[in-house]
Amino acid sequence: MPDLPEKRSVLADKAISQGPGIRLEALPEGHLLHVMGATTTEGLEAHLSAAGIKDSAVRPAGYRQWFIAGNDMLSKALIQDFSNALAGSAFVSDQSHGRVRIGVSGPLAAQLLSKGTAVDLHPSAFPEGHAAVTLFGHISVQVARTGACDFELVVLRSFAQSLYEELEVLAAIAGSGTGQSDVTLVEKGR
């Protein structure tokens, strides 16, 4: 039998970058579902619960579009059950293989992200739970605020390494306040 390609995390070799006020890390490549249709965030949350899909965040991604993200991989059967539950009102597209999640956190996270996007990330304009599809430099991303000082970026797989490396440079500058790097790399196991 011929060797088949194995799915490998595109950012598997990237260490966590951490410095004063900033942390940058590749998040687990769990599940990312793109839902399009006539439904609501609350309706999606109810369908997720009924399908037994736990620990997922539902994030707006445009008019009648949402991303459902989580750390756990979902079986095809579970995704199909969820899709069947939404039949007639929405469509589900599994994007887990094509998109990567990156975490940016710490008191300087919003400052770092403001260097690459025009989205106003001040907590009064972009509170916890909000998400926006925007550009970071020339790369299309979805930015979501997941905590007071925590953000998650969702990017197309082919742009993930480029975005991560750009964020590493910006983290080094933002973390020091002097333009000098004070950011250290932390092993994957923490």
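Can you spot a residue in segment 33-49 that is surrounded by 17 or more Cβ atoms within 10 Å (Cβ to Cβ) and touching a Lys or Arg at 6+ places or on another chain (Cβ under 7 Å)? Within segment 33-49 (the criterion being surrounded by 17 or more Cβ atoms within 10 Å (Cβ to Cβ) and touching a Lys or Arg at 6+ places or on another chain (Cβ under 7 Å)), the answer is no, since none of the residues qualifies.
Looking only at residues of segment 134-146 that are over 11 Å from the mean Cα position of the chain (by Cα) and open to solvent by 10 Å² or more (accessible area, probe 1.4 Å), we find that the one that is nearest to Thr41 (Cα to Cα) is Thr134. Taking the condition of a type outside the set (D, E, K, R), without any contact (Cβ under 8 Å) to a residue 40 or more places away in the chain, touching an Asp or Glu at 6+ places or on another chain (Cβ under 9 Å) and closer than 22 Å to Gly19 by Cβ, does Ser105 pass? No.
Taking the criterion of being within 16 Å of the chain's Cα centre (by Cα) and open to solvent by 70 Å² or more (accessible area, probe 1.4 Å), the only residue of segment 84-102 that qualifies is His97. Within segment 147-177, the set of residues being assigned to a loop (DSSP other than H, G, I, E, B) and either open to solvent by less than 20 Å² (accessible area, probe 1.4 Å) or of a type outside the set (Gly, Ala, Ser) (or both) comprises just one member, Cys149. If you go through segment 58-80 and keep only what is surrounded by fewer than 19 Cβ atoms within 10 Å (Cβ to Cβ) and either of a type in the set (S, T, N, Q) or touching a Gly at 6+ places or on another chain (Cβ under 8 Å) (or both), you end up with Arg64, Gln65, Asn71, Asp72, Met73, Ser75, Leu78, Gln80. Scanning segment 123-146 for residues that are part of a loop (DSSP other than H, G, I, E, B) and among the hydroxyl-bearing types (Ser, Thr, Tyr) returns a single hit, Ser124. Listed by first and then second residue, the pairs with beta-carbon distance under 6 Å, at least 6 apart or on different chains, first residue in segment 90-102 and more than 22 Å from Glu165 (Cα to Cα), second in a loop (DSSP other than H, G, I, E, B), are Ala90/Thr39.
The values are calculated or read from the model by the stated rules, or taken from the named source; none is laboratory data. All values derive from a computational prediction rather than experimental measurement. Every residue, glycine as well, gets a Cβ built from its backbone with ideal geometry; the counts of neighbours run over all protein chains shown. The protein model used for the area step is the full one, side chains on, heavy atoms only, and it has no ligands, DNA or RNA in it. Shrake-Rupley method; radii C 1.70, N 1.55, O 1.52, S 1.80 Å.
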